[in-house]
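The values are calculated or read from the model by the stated rules, or taken from the named source; none is laboratory data. As the structure is a computational prediction, the values presented were derived from the model and not from experiment. Glycine also receives a Cβ, built like all others from the backbone with ideal geometry; neighbour counts cover every protein chain displayed.
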Amino acid sequence: MSNIVIIGGGLAGLAAAYRLSDEHHVTVVEKDDALGGMAQSYHIDDHTDDYYIEKYYHHFFSSDTELMGLIDELGLTGRLQWVRGTTGYYWSGRAYPMNKPLEILKFPPMSLLDIFRLGLLVLRTKLVRDVRSYDDITAGEWILKIAGSGGYNNFFQPLLNSKFGSNADRVSAAWLVGRVKIRSNRGAEGERLGYMRGGFQHLIAALADSIRERGGRIITGDGVKEILMEGGRVSGVKLEEGTLSCDTVISTVPPLTLASLAEPGIPGFDPGAIHYQGTCCALLGMSKPLMTDGTYWLNIKADVPFGALIEHTNFMPASDYAGEHLLYIASYFQDHDDPLYTLGQEEVIEMFLDGLEKLYPDFDRSAVLWWELGRDALTAPVYETGYAGHILPYRTNIDGLYLAGMFSEANYPERSMNGSVRAGYEAADAVVRNS
Ligand SMILES: Cc1cc2nc3c(=O)[nH]c(=O)nc-3n(C[C@H](O)[C@H](O)[C@H](O)COP(=O)(O)OP(=O)(O)OC[C@H]3O[C@@H](n4cnc5c(N)ncnc54)[C@H](O)[C@@H]3O)c2cc1C
């Protein structure tokens with residue numbers, strides 16, 4: 001029986017703990033007060049006890065088999081909902097729906113030839129068996145080759161810019177092919193997306209309960225400061241308060257964070273090889289909807305400090321949220337000196353509300369009942385060309401040190417809840433194989 005500490009109580013850490021806690025002594029250490037990591041939720045406590053909403057917008061796809069299997073094992077399948085997630089594109093002063101082929105044909109900046117070539121690109125991605133073979137070519141180069149400059153300039157480039165900012169030109173075609181493959185799996189009426197009624201908080205809470213029932217321990221509000229080694233192998237972790245002895249550590253934190261915990265370093269591990277980007281995402285609770293045409297996800301090409309609007313209550317009913325309408329204002333940043341990261345919360349919200357007014361002159365600020373601002377610097381790897389060569393292994397060169405997270409094979413070429421659950425399972429299997 002191994003004595004295992006898992007660093008991080010996001011989905012990767014909880015999935016690994018869920019797999020291991022039956023047979024081993026497992027302790028999950030999470031620095032935040034709440035579990036869930038990137039899939040964590042706000043508790044809006046002025047209302048009902050059960051009003052949870054994710055800090056960052058979340059849904060999943062029918063190909064997310066590990067996540068759905070876990071939801072099933074935890075007896076939560078009754079909460080699963082498959083809903084048509086309507087999308088739109090804001091261009092030149094108005095929002096265009098982009099769900100049905102006819103709507104796409106009517107998107108003004110694209111000519112018929114552009115749309116034909118866009119269709120060709122989608123078909124090409126469906127035939128790709130190994131996305132890794134697209135790792136060394138940039139998304140931009142590949143789009144230009146297959147879809148031409150019309151499709152690139154008027155469709156993909158604004159999306160790439162809003163998702164990756166100054167790193168957009170470096171993102172690989174593998175990332176794009178992976179995304180288009182998943183997203184193009186839609187019928188004539190649009191794409192169905194998965195969600196857990198009441199929020200993914202139910203999944204996180206059920207996982208934590210199940211880990212505890214199996215004898216696992218979960219510590220929150222106290223981060224790991226150092227991974228302790230003795231004779232070249234893991235011997236424990238130092239927390240803010242005290243030390244835990246163990247023979248095995250599974251780290252789920254980003255590589256740069258791991259490097260700061262494992263001084264003087266891990267042989268063969270370059271913590272800077274994978275670049276991460278940050279997210280700045282506001283959530284507004286409103287007395288009325290913003291996108292009255294029912295759009296769930298709106299991509300934006302306009303001079304505003306955000307790249308997408310996601311109206312959650314055009315996806316799930318507002319009645320699940322005390323009748324309030326929930327709008328995410330989403331934006332990514334590449335550098336830690338970006339104003340989205342450095343400005344005060346009120347200033348960012350003010351910038352975002354100004355942007356909303358620019359897009360929707362009828363937007364009524366008094367409809368905003370409350371807001372939250374989520375900001376994290378390390379929220380997603382940037383899938384640059386050559387990324388596949390930097391994927392981190394589940395087992396490291398240090399005895400007893402294992403890794404699982406957004407940087408793992410399971411999360412290539414895009415990170416997801418499913419990928420992190422699978423990474424957690426894979427790391428757990430590697431521990432079992434080697435113990
Ligand atoms: C804006 C946004 C939107 C997203 N939308 C979707 C979506 O629609 N669908 C989807 O499938 N996925 C989505 N994702 C991705 C998904 O949320 C993540 O891939 C997944 O939750 C990552 O889980 P993880 O456990 O690997 O990492 P994390 O969730 O980052 O967990 C790592 C944990 O480690 C903790 N930690 C860090 N340092 C320490 C320390 N020193 N000691 C202890 N604990 C520490 C952190 O607090 C964190 O809880 C989205 C992510 C973001 C940011």
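Conditions tested, residue by residue: (1) over 20 Å from residue 371 (Cβ atoms); (2) more than 18 Å from the chain's Cα centre (by Cα); (3) more than 15 Å from the ligand (Cβ to nearest atom); (4) not in a loop (DSSP other than H, G, I, E, B).
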{"site": "6", "(1), (2), (3), (4)": "yes, yes, no, yes"}
{"site": "15", "(1), (2), (3), (4)": "yes, no, no, yes"}
{"site": "18", "(1), (2), (3), (4)": "yes, yes, no, yes"}
{"site": "38", "(1), (2), (3), (4)": "no, no, no, yes"}
{"site": "45", "(1), (2), (3), (4)": "no, yes, yes, no"}
{"site": "63", "(1), (2), (3), (4)": "yes, no, no, no"}
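Quick check on residue 160: is it closer than 28 Å to residue 295 by Cα, of a type in the set (A, V, I, L, M, F, W, C), surrounded by fewer than 16 Cβ atoms within 10 Å (Cβ to Cβ) and out of contact with any Cys (no Cβ under 8 Å at 6 or more places or on another chain)? Taking the combined requirement at face value, the residue does not satisfy it.
Based on this model, can you work out whether residue 337 counts as within 22 Å of residue 171 (Cα to Cα) and exposed (fewer than 15 other Cβ atoms within 10 Å of the Cβ)?
Spelling it out, residue 337 is indeed within 22 Å of residue 171 (Cα to Cα) and exposed (fewer than 15 other Cβ atoms within 10 Å of the Cβ).
Taking segment 243-271 as the range and being of a type outside the set (S, T, N, Q), at pLDDT 95 or above and away from the ligand (no atom under 12 Å from the Cβ) as the test, the residues that pass are 246, 247. Quick one: count up the residues across segment 69-95 that are surrounded by fewer than 18 Cβ atoms within 10 Å (Cβ to Cβ) and under 21 Å from the mean Cα position of the chain (by Cα). Residues meeting the conditions: 7. Screening residue 164 with (1) more than 16 Å from the ligand (Cβ to nearest atom); (2) not assigned by TED's automatic domain parsing to the domain that holds residue 258 gives one miss only, at (1). For segment 20-36, filtered to residues that are near the ligand (Cβ under 6 Å from one of its atoms) and assigned to a loop (DSSP other than H, G, I, E, B), the residue that is nearest to residue 255 (Cα to Cα) is 31.
Residue 249 - would you say it is touching a residue at least 60 places away in the same chain (Cβ under 8 Å), out of contact with any His (no Cβ under 7 Å at 6 or more places or on another chain) and of a type in the set (Val, Ile, Thr)?
Working: touching a residue at least 60 places away in the same chain (Cβ under 8 Å): yes; out of contact with any His (no Cβ under 7 Å at 6 or more places or on another chain): yes; of a type in the set (Val, Ile, Thr): yes.
Yes, satisfied.
With respect to residue 23, is the statement that it is under 18 Å from residue 197 (Cα atoms), of a type in the set (Asp, Glu), modelled with pLDDT of 95 or more and surrounded by fewer than 23 Cβ atoms within 10 Å (Cβ to Cβ) true?
Judged against the criteria, residue 23 is not a match.
Filtered by the rule that a residue be farther than 24 Å from residue 408 by Cβ and of a type in the set (A, V, I, L, M, F, W, C), segment 208-256 gives a lone residue, 239.
Considering segment 47-61, and only residues there that are closer than 24 Å to residue 191 by Cβ and more than 7 Å from the ligand (Cβ to nearest atom), the residue that is surrounded by the fewest Cβ atoms within 10 Å (Cβ to Cβ) turns out to be 61. Residues that are of a type in the set (Phe, Trp, Tyr) and in contact (Cβ under 8 Å) with a residue 40 or more places away in the chain within segment 120-175 comprise 134, 155, 164, 175, listed in sequence order. Among the residues of segment 96-117, is there at least one that is buried (at least 18 other Cβ atoms within 10 Å of the Cβ) and on the phi > 0 side of the Ramachandran plot? No, segment 96-117 contains no residue that is buried (at least 18 other Cβ atoms within 10 Å of the Cβ) and on the phi > 0 side of the Ramachandran plot.
Within segment 69-110, the set of residues being in a strand (DSSP E or B) and of a type in the set (A, V, I, L, M, F, W, C) comprises 80, 82, 83, 91, 95. Give 365, 415, 375 a once-over and let me know the one that is under 30 Å from residue 21 (Cβ atoms) and among the basic types (Lys, Arg). Only one candidate passes the filter, namely 415. Set side by side, the residues 160, 144, 113 differ, and just one is assigned to a helix (DSSP H, G or I), closer than 19 Å to residue 87 by Cα and at pLDDT 95 or above, which is 160. Contact annotation: residue pairs with Cβ atoms under 9 Å, 6 or more positions apart or on different chains, pairing a residue in segment 258-271 that is closer than 13 Å to residue 229 by Cβ and free of Cβ contacts under 8 Å to residues at least 12 places away in the same chain with a partner that is away from the ligand (no atom under 12 Å from the Cβ) and not hydroxyl-bearing (Ser, Thr, Tyr), are 265/271.
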